[in-house]
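Colleague: Just dropping this structure here.
Taken together, the values in this text are just the output of simple stated rules run on the coordinates, not laboratory data. It should be emphasised that the depicted structure is a prediction, and the values quoted were computed from it without experimental measurement. All Cβ positions, glycine included, derive from the backbone under ideal geometry; neighbour counts span all protein chains shown.
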Amino acid sequence: MNSSAAAIVGDIDATLKTSKHVQLRDILRAHIQANCPPGSIFPSERELSERFGLARMTVRQAIDALVGESVLERVVGLGTFVARPKVDLQVKLTSYSEEMQRRGMVPAARVLSFEQIGATGLLARELQLDEGQPVVRFRRLLLADNEPMSVDENFIPASRVPGILDDPPPTSLYNVLSERYGLVMEWGEDMIEATAASPSIARLLNVEMGAPLLKIQRHAFVSRAMVDYSVSFYRADRYKLWVPLQRPGTRTPRAYSASRKYS
């Protein structure tokens, strides 16, 4: 029997009215919280079945419940792992660096492209330009604590950022837009949808092809002028969407602390 399964403290009490799979779920959850770091491999159903003297189906019910609670996660072909906590994805106009630093994580980025291109038909429509007009394309793999988190691609009308390609790629795009060009994003619109990882995106994010992702398309404006159109692919296993709601005309009753915004 795997030593990690043998190390789990607790036993099933057949005299209790509580279902065996519920008892096992609680035992496993307590063990995970006390002993298992995020990302560590978890004993298999067979090993847990031997350890607790339960049918595989009963063990599977307990594991399914913990997967549903995002305590465990299954990776096809590899096994079951202790889930990593998800970072909240807040819908607001701040830079990635600012958001990760606020959470106590170390942000980093790998530049995939930083170039000028002609606006395709799609980009022309999204940026409200004529087709073929020059656009600066800035594509990056964003990381937190050295782990891939998202692939971001920004498109900015070249006329708004003259000379930006003469310097190295910026570490914080919005800071450069604000400090060098006076372009402070005032408002924006996001469209969020679920999608599956393409082969190229899967390789960059270190996930399985077809893994669930959050796709966000953003239009950011300075006054009435669109300055930035971006497409981002976020790992669904590392993000959860956090959207504060307020009835029009009412005051926010209290400020939200950072500790309430993510886990």
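Colleague: Gain in length, Thr195 to Gln33, computed as 0.36 nm per residue apart minus the alpha-carbon separation, to one decimal in nm? Before the final figure, lay out the partial values.
Modeller: On the way: separation 162, 0.36 × 162 = 58.32 nm, distance 3.11 nm.
Between Thr195 and Gln33, full extension yields 55.2 nm more.
Colleague: Compare the peptides 46-53, 118-125, 148-155 by average per-residue count of other Cβ atoms within 10 angstrom and give them in order, highest first.
Modeller: 148-155, 46-53, 118-125
Colleague: Taking the Cα centroid of segment 135-171 and of segment 1-55, what is the distance between the two, rounded to the nearest whole Å?
Modeller: Computed from Cα coordinates, the inter-centre distance equals 46 Å.
Colleague: Which value, in debye to the nearest 20, gives the size of the charge dipole of segment 3-82 about its Cα centre, when Lys and Arg are +1 and Asp and Glu are -1 at the Cβ?
Modeller: 140
Colleague: If I model a spin label as a point 7 Å beyond the Cα along the Cα-Cβ vector, how far apart are those points for Gln217 and Glu73 in nm?
Modeller: 2.7
Colleague: For Ile41, Ile201, Ile63, what's the fewest-to-most ordering of other Cβ within 10 Å of each Cβ? Present the calculation step by step, with values, prior to reporting the outcome.
Modeller: On the way: Ile41 14, Ile201 20, Ile63 23.
Exposure proxy ranking, most exposed first: Ile41, Ile201, Ile63.
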